[in-house]
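Novice: Input: one structure, supplied below.
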Amino acid sequence: HTGLAWRPEDIAMTTGGWGAIAIAMRMVTEPGDEVIYYDPPWFFYDILVRGAEAVPVVLTLDPPRFSPDPQRLADAITPRTRAVMINTPHNPSGRVLDASELDAIAEVLRDASARIGRPIYLLSDEAYRRIVFDGSRAPSPAEHYDHTLILYSYGKQLLAPGQRIGYLAISPRIPDPAPLRQAATLTRFVNGFGFPNNVLQRALPDFAHLCVDLDGIKRRRDRLVPVLAERGFEPTTPEGTFY
């Protein structure tokens, strides 16, 4: 979906999105490193950052657009910053970050990485990538920033959150990915429940192309948003997800 030539050896199967995020945190951080993520978040981000013994740094997304402010991100980065978490399409706002927004984030991270002297990793939570509306597409941060790890869960596109299978993918643009591959393998072992079960892995070719009823979700969105506006609320029209 990114248009990049991904290598099979750089894709690690995991127990869904939370498993991919937990593994990524431990892959790229050491105790005391800082991880930036945005508020409102998926509620497990804070737990997963702290579980890796890293320090969460939370930046606010302002309604109604919920667009990351590049200057706010630049100001939050310190020599201890090791990763930034981006979720697009975004849970819970439904925003899909466009190419210009991702370019701005990438520029900040490239400048900060050069200043600090080591790469800041972009952890791209793309669990809702398939759930977008109005014929739009959710561009991946991996298309804009080289040091990106994609984190994906099949549970969202199938509306089957109890079936824990997903993956972590190392961008083919990362120079010398071998240490990250080794870290992914080791972390899945030491992280406990890090591998999806064999039945789900074997079934993957049969369900990977399936998706929830996007038209049905869109119809509900198009009924609800105008009613909220009529009642005096200021709703954000979701561009993706099912919230």
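The values are calculated or read from the model by the stated rules, or taken from the named source; none is laboratory data. For clarity, every value in this text was computed on a predicted model and none was experimentally measured. Cβ atoms come from the backbone with ideal geometry, glycine included; neighbour counts cover every protein chain shown. Surface areas here come from the heavy atoms of the whole protein model, side chains and all, with no ligands, DNA or RNA. Shrake-Rupley method; radii C 1.70, N 1.55, O 1.52, S 1.80 Å.
Novice: For a protection proxy built on the mean count of beta-carbon atoms within 10 angstrom, sort 56-64, 135-143 highest first, please.
Specialist: Highest-to-lowest ranking by the protection proxy: 135-143, 56-64.
Novice: With every protein chain left in place, what is the accessible area per residue of the chain in square angstrom, probe 1.4 Å?
Specialist: 48 Å²
Novice: Tally Lys and Arg at +1 and Asp and Glu at -1 over the other residues with C-beta under 15 Å from the C-beta of residue 35: what net charge comes out?
Specialist: Spelling it out: positives minus negatives among the neighbours equals -2.
Novice: Gaussian network model of the chain, Cα springs within a sub-10 Å range: biggest mean-square fluctuation belongs to which of 230, 34, 107?
Specialist: Largest GNM mean-square fluctuation: 230.
Novice: With a bin width of 10 angstrom, please list the P(r) values of the range 30-132 as percents of all Cα-Cα pairs, from the 0 bin to the one holding the largest distance.
Specialist: Calculated over all Cα pairs of the range 30-132, the distribution is 15, 49, 32, 4 percent.
Novice: Related question: Out of 44, 233, 207, any idea which swings most in a Gaussian network model of the chain, alpha carbons joined below 10 Å?
Specialist: 233
Novice: Roughly how many debye, to the nearest 20, is the charge dipole of the range 115-243 about its Cα centre, given +1 on each Lys and Arg Cβ, -1 on each Asp and Glu Cβ, and no other charges?
Specialist: Dipole about the Cα centre, nearest 20: 280 debye.
Novice: What does the highest-first list of 209-215, 96-102, 14-20 look like by mean Cβ count within 10 Å?
Specialist: Ranking, from highest mean packing down: 14-20, 96-102, 209-215.
Novice: Then there is this: Before rounding to the nearest 500, sum -39500 (n - 2.57) across all DSSP H runs of length at least 4 in the chain and divide by the residue total; then give [θ] at 222 nm in deg cm²/dmol.
Specialist: -11000 deg cm²/dmol
Novice: Now a separate question. Quick one: pull the percent of accessible area on the range 120-238 belonging to carbon and sulfur, 1.4 Å probe, ligands and nucleic acids left out.
Specialist: Carbon and sulfur: 55 percent of the exposed surface of the range 120-238.
Novice: Normalised by the empirical 2.2 N^0.38 Å for globular proteins, what value does the Cα Rg of the range 76-140 take?
Specialist: Normalised Cα radius of gyration, the range 76-140: 1.24.
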